[in-house]
Each structure stands twice: as structure tokens, then as C-alpha cells.
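Remarks on the structure that follows.
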Amino acid sequence: MKPLRPEIMGILNATPDSFSDGGMVPEAALAARVATMREEGADILDIGGESTRPGAQPVPVEEEWRRIAPAIEAGVAAGAYVSVDTRKAEVARRALAAGARLFNDVSALTYDSDSMAVARAYAEAGGRICLMHALGDPRTMQDDPRYADVVAEVRDYLAARIAACEAAGIPRAALIVDPGIGFGKTLAHNLALLRDLDAFAVLDCPVLLGASRKGFIGTLSGERDAARRAPGSIAVALHGARHGAAVLRVHDVRETAQALAVDAALRGL
């Protein structure tokens, strides 16, 4: 049975340079932050230690792990469903050993040659893997992204990554797909993907939508401060919920949960 609302993936960044909420949560405050996010309605906690905003530089494995390990420990200790947002196999492997159950990879397991094996370990442990589309590296992806048909090309790329996972022994049931809003896309590309989000249903995988506070919302609304883009982010989340998104990755958990509850009631769900 289709859930009444998408799962809410709350963002818990442990990076000093994220585009919206950069700055690591003090270790002593992590347990309280985790508890608050869960109380607000987060079904999943997505913990990341390397910014993938446009222009971001890579972070060494040990530094990335140092940043996220306390947050993962706090999330697992609280009984939360923890996702690790990383491109690196070793970071994902350590996160799995620490209790994470979702490997959220913006490179769709292409950045690190060992990632496919680690993803298989997640599937074998009953976990999930999210495959995201990105055109190029974060350092250059927004330089001049071009597509002949962005929806078809993103869908075909994700279909190919699903096939690669299945060939490696990872069942489709363990996979989530993400069209990668803002990752090598112009405003027009982002809007085309959102307007045709239903097109990804043919992949027969849950769709994750990560659009919270992103630059295109600022462009459309005129709001330059990413932290003040909650209203626009919620508008996109509601659109996603109505057009097949199974997971919404958001900064504003409480506000999104409230909006989804009202929207579900209005639709008689």
C-alpha cells in the first residue's frame, strides 16, 4: 500500500561549508538535535560531512569520518534510521558498521571504485542505496550544463545505474533514485524535472526529491538567503508528494511534516 505521505529525510550536516546550514553541531548537542528532528517528523536522518554544493572541494576520508562519526553514533543510539551522505566507499563502510542503513551517494556509486561492493553490503544488511544523477563534479557541475532532453537523459542515466547495481547483485528493491535537482542543472532543467517527476515511475524504484533551500528557489522567489527559503521549499515538497516522490530530503522538518499532513487531508488520503 502506498504510504499516506512520503518519508521525510531530515538533513543533519556536519560540514563547515554547506550552502545553507554550514557549521557543525557541537558534539554535546547532537543527541538533543537528533531527538528534536525525530520529534518534528523526520523518518530518516541524512548525515553528511562533505559539502557537494557547486564549487565545493573534496574532503579527505579521515576528515569526513571525523566530522560525521559522532552524529551517526548519536542517531543510532537514539534508534533513528540513519543515512550517510557520502561519495566515498570507506566512509560508507564505516557508517554501515556504526549502524547506518542508507548509503546516499550523489555520484550513484561512480566516484569510488569500491562503492558498489559497499552498496551490496548495505543491501545484504537490509539497508538501502540512493542513486543520484549529477552532471560532472561539484567543482564544475554548474559551469555550463547542457542536455538535449533533460528528463529523458536523467531517467536513462538512472536506469543504467540501476542495471549496474542489479548486475552486481544488488536487488532493485534496495534502490532509491534521485534526479539530482541542482546538480549540473540550470533553472530550466530543474523545473523540467520537477514538472515531469512522474516520468521516473517507470524505473520502479522509490524517488527521492532533494530540493530544499536550493538556489533555483532563490532565483524564483528573489530570496538570496538560503536559510529563509522554507516557504519555497515546502511548495516544492508538496508538488513532489503529489507527483510520486517517496522521500523528501529537507532542512525544515517540522514545517514540511505539517504541510504534508494538511495536504494529505485535503486530498482525502
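When ALA188, ALA226, ALA230 are checked against the criterion of being modelled with pLDDT of 95 or more and more than 20 Å from GLU153 (Cβ to Cβ), a single residue qualifies: ALA230. State all residues of segment 230-259 that are of a type in the set (Lys, Arg), touching a Gly at 6+ places or on another chain (Cβ under 9 Å) and surrounded by fewer than 24 Cβ atoms within 10 Å (Cβ to Cβ); if no residue qualifies, say none. Matches in segment 230-259: ARG254 only. The residue that is modelled with the lowest pLDDT, counting only those in segment 96-118 that are within 16 Å of the chain's Cα centre (by Cα) and of a type in the set (A, V, I, L, M), is VAL106. Applying the condition of being without any contact (Cβ under 8 Å) to a residue 60 or more places away in the chain and under 26 Å from SER51 (Cα atoms) to segment 165-177 and asking which residue is farthest from the chain's Cα centre (by Cα) yields CYS165.
Would a scan of segment 182-191 turn up a residue that is aromatic (Phe, Trp, Tyr), out of contact with any Cys (no Cβ under 7 Å at 6 or more places or on another chain), closer than 30 Å to THR36 by Cα and outside any helix (DSSP H, G or I)? Checking segment 182-191: at least one residue is aromatic (Phe, Trp, Tyr), out of contact with any Cys (no Cβ under 7 Å at 6 or more places or on another chain), closer than 30 Å to THR36 by Cα and outside any helix (DSSP H, G or I).
Do the conditions hold for ARG53, that is, is it buried (at least 17 other Cβ atoms within 10 Å of the Cβ), outside any strand (DSSP E or B) and either touching a Gly at 6+ places or on another chain (Cβ under 9 Å) or not aromatic (Phe, Trp, Tyr) (or both)?
When the stated conditions are applied, ARG53 passes them.
Let's see how each residue does on (1) acidic (Asp, Glu); (2) under 19 Å from THR52 (Cα atoms); (3) in contact with a helix residue (DSSP H, G or I) (Cβ under 7 Å, 6 or more places away or on another chain):
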residue	(1), (2), (3)
VAL154	no, yes, yes
LEU187	no, yes, yes
VAL207	no, no, yes
ASP225	yes, yes, no
ALA241	no, no, yes
ARG249	no, yes, no
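Restricting segment 145-156 to residues that are among the hydrophobic types (A, V, I, L, M, F, W, C) and within 19 Å of the chain's Cα centre (by Cα), the residue that is surrounded by the most Cβ atoms within 10 Å (Cβ to Cβ) is VAL154. Just the residues that are in contact with a strand residue (DSSP E or B) (Cβ under 6 Å, 6 or more places away or on another chain) and either at positive phi or assigned to a helix (DSSP H, G or I) (or both), please, taken from segment 166-177. Correct list: ALA174 only.
Is it the case that THR86 is closer than 24 Å to ASP178 by Cβ, modelled with pLDDT under 85, touching a strand residue (DSSP E or B) at 6+ places or on another chain (Cβ under 7 Å) and hydroxyl-bearing (Ser, Thr, Tyr)? Spelling it out, it is not the case that THR86 is closer than 24 Å to ASP178 by Cβ, modelled with pLDDT under 85, touching a strand residue (DSSP E or B) at 6+ places or on another chain (Cβ under 7 Å) and hydroxyl-bearing (Ser, Thr, Tyr). Selection of helices (runs of 4 or more DSSP H) fully inside segment 56-138 by the criterion of at least 3 residues being under 20 Å from PRO171 (Cα atoms) returns 89-98, 115-124. Test ALA42 against the stated conditions and say whether it is closer than 24 Å to ARG254 by Cβ, assigned to a loop (DSSP other than H, G, I, E, B) and in contact with a Gly (Cβ under 7 Å, 6 or more places away or on another chain). When the stated conditions are applied, ALA42 passes them. Restricting attention to segment 157-202, the residues being among the hydrophobic types (A, V, I, L, M, F, W, C), within 24 Å of ARG120 (Cβ to Cβ) and crowded, with 18+ Cβ neighbours inside 10 Å number 9.
The values are calculated or read from the model by the stated rules, or taken from the named source; none is laboratory data. A quick note: this is a predicted structure, and the numbers were derived from the prediction, not measured. All Cβ positions, glycine included, derive from the backbone under ideal geometry; neighbour counts span all protein chains shown.
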